1. Within 10 Å, count the other beta carbons around each residue, average over each peptide in 29-39, 48-58, and list them highest first.
2. Any idea what angle helix 11-27 forms with the longest principal axis of the chain, computed on alpha-carbon atoms, 0 to 90 degrees, nearest 10?
3. For the chain, find the longest principal axis of its Cα atoms and tell me its angle to the long axis of helix 35-51, 0 to 90°, nearest 10.
4. Kindly state, to the nearest 0.05, the FRET efficiency for residue 86 paired with residue 61, given R0 = 22 Å and r defined as their beta-carbon distance.
5. So what's the back-of-envelope 222 nm ellipticity for the chain, counting only DSSP H runs of four-plus at -39500 (n - 2.57) apiece and dividing by all residues, rounded to 500?
6. Sorting check: for 89-95, 63-69, which peptide has the highest mean count of neighbouring beta carbons within 10 Å, and how do the rest follow?
7. What is region 11-94 by shape, rounded, prolate or oblate, if you read a ≥ b ≥ c off the alpha carbon gyration tensor as root eigenvalues and call it rounded for a/c under 1.5, prolate for a/b larger than b/c, and oblate otherwise?
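Read the figures in this text as sums done on the coordinates, not as results from a lab. Nothing here was measured: the structure is a model prediction, and the numbers come from that model. Here the Cβ positions follow ideal geometry from the backbone for every residue, glycine too, while neighbour counts run over all protein chains shown.
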Amino acid sequence: MRDLRTSYRSPWQNGTAERWIGSCRRELLEHVVGERHLVRLVRAYITYYHEDRCHLGLGKDTPDERPITPRSSPRAKVVALPRMGSLHHRYEWREAA
């Protein structure tokens with residue numbers, strides 16, 4: 001991890017940083033064992049935050065612009081894909097077996 005300072009006289013950046021830190025604290029940092037565990041959790045959370053977590057400010061999209069997959073057939077079922085040790089999930093359509 002590295003420090004990234006917000007720009008001088010840019011209070012809007014501080015709010016963005018505080019919102020991310022608040023989300024990280026609420027959703028992740030309650031069960032940290034040690035420093036290596038913390039680094040692993042934060043890396044996994046960053047991946048989850050950018051690839052899977054919906055953001056209202058982005059119209060319920062992700063920063064990496066996750067494609068929305070339509071239901072391929074009436075028999076398709078919703079499947080939960082665990083993220084971050086099953087703390088969070090991503091859902092996709094899959095054909096029923």
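1. The densest-packed peptide leads the list: 48-58, 29-39.
2. 60 degrees
3. That helix lies at roughly 60 degrees to the long axis.
4. Using R0 = 22 Å, I get an efficiency of 0.40.
5. So the calculated ellipticity at 222 nm is -12000 deg cm²/dmol.
6. Ranked by mean Cβ neighbours within 10 Å, highest first: 89-95, 63-69.
7. It is oblate, given that a/c is not under 1.5 and a/b is not larger than b/c.
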